[in-house]
Amino acid sequence: MENVYGLLGFPVKHSLSPLMHNDAFAYFGIPARYHLFSVKPEQVGEAIAGVRALGIAGVNVTIPHKMAVIPFLDEVDEHAQRIGAVNTIVNDNGRLVGYNTDGPGYVKALEEEMDVHLDGKRILLIGAGGGARGIYFSLLSTAAERIDIANRTTEKAARLVREGEDGRSAFFSLAEAEKRLAEYDIIINTTSAGMHPLVNEQPLSLERLQPGTVVSDIIYNPFETKWLKEAKARGARGQNGVGMLVYQGALAFEKWTGQWPDVNRMKQLVIDQLRR
Ligand code: NAP
């Protein structure tokens, strides 16, 4: 019998996850299928009970349920607990275990796609929302020299730095970060500024950007934001959000099946779909 996997979210219909996972199951000859499950916020508990009752082998969890699923799980791993959000659930013989592969996926994508070692690097994280949280706590587990946070609402950046309890971080307003841009080796945009349909928005000015800096934007719609294009035009090495999407999926796939999928194959499928 086929194992069932899927995505719990609301809405889910534009998700690229079925494309990646179903291809990877077929590639390894694993009899399994990944489905989309549209779950209303008030039905999260019932949906998790359904995963248990129906023996669904594993699910991803997306907006707006990443926090809401936690009370219904048997166990949540340390990293997911720390950020307070789960994006992957493994059904281990009836025991539901929650993980978060977003931040670790991002860091792996950054290291592999951009061929950078984070040891000793000075990193600026722009944004302090859900995406930033996972990335920030994953960056804290690297040997980066500095991991500073700038956000439009500075208090949110301050809160995240306090939660991190790590002497390597400071927080700034966006205006302050603009002035300090030349201090960083890696600059990461985790805000939604520039995301479709508000494609002309930019998180901060790149006037002081140094050529050679790695500039990463976790947005993948549009494929390359106006801000990322400008960074590249100023001599930066640029990365878009496709890598994070693919690697968080690859890490989930590995947790479910024990197999590390072909990430380049996954990436190509996603890129082809996004370019359609
Ligand atoms: P979120 O929790 O709503 O946080 C949004 C963040 O963006 C906040 O820090 C917010 O600042 C900031 N922001 C919004 N508009 C801004 C503007 N005009 N100028 C400056 N800052 C602005 O959202 P999220 O879940 O973290 O998602 C953020 C982005 O990441 C989205 O575009 C999403 O598609 C993308 N994302 C990509 C992946 C991937 O796999 N590649 C994964 C997750 C998220 P305030 O705190 O001041 O409001």
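Annotations
- Look at where the Cα atoms of the stretch 35-106 and of the stretch 198-225 average out, and the two centres are 31 Å apart.
- Couplings for the stretch 168-174, taken from phi via the Karplus curve 6.51 cos²θ - 1.76 cosθ + 1.60 with θ = phi - 60°, read 7, 10, 10, 10, 9, 6, 5 Hz in order; Gly and Pro are left as x.
- Average accessible surface area per residue within the chain, 1.4 Å rolling probe, Å²: 47 Å²
- Binned Cα-Cα distance frequencies in the stretch 162-272 - 10 Å width, integer %: 13, 36, 32, 17, 2
- A cut-off of 5 Å between modelled amide H atoms, ignoring neighbours fewer than 5 places along the same chain, links T213 with R237.
- Area accessible to solvent at R265, 1.4 Å probe radius, in Å²: 100 Å²
- Taking a straight line from the alpha carbon of K156, these lysines sit under 23 Å away, with near neighbours fewer than eight places off in the same chain left out: K66, K179.
- Sorted on the mean count of surrounding Cβ atoms within 10 Å across their residues, most packed first, peptides 240-248, 123-131, 33-41, 65-73 read 240-248, 123-131, 65-73, 33-41.
- Folded to 0 to 90 degrees: helix 263-275 orientation relative to the chain principal axis, Cα: 80 degrees
- Accessible surface of the chain [probe 1.4 Å, protein heavy atoms]: carbon and sulfur percent: 49 percent
- Considering only alpha-carbon pairs that sit under 8 angstrom and 6 or more positions apart, the relative contact order computed for the chain is 15 percent.
The values are calculated or read from the model by the stated rules, or taken from the named source; none is laboratory data. As the structure is a prediction and not an experimental result, all values here were calculated from the model. As a convention, Cβ positions derive from the backbone with ideal geometry for all residues, glycine included, and neighbour counts pool all protein chains shown. When the accessible area is computed, the model is the full protein with side chains, heavy atoms only, and any ligands, DNA or RNA have been set aside. Shrake-Rupley method; radii C 1.70, N 1.55, O 1.52, S 1.80 Å.
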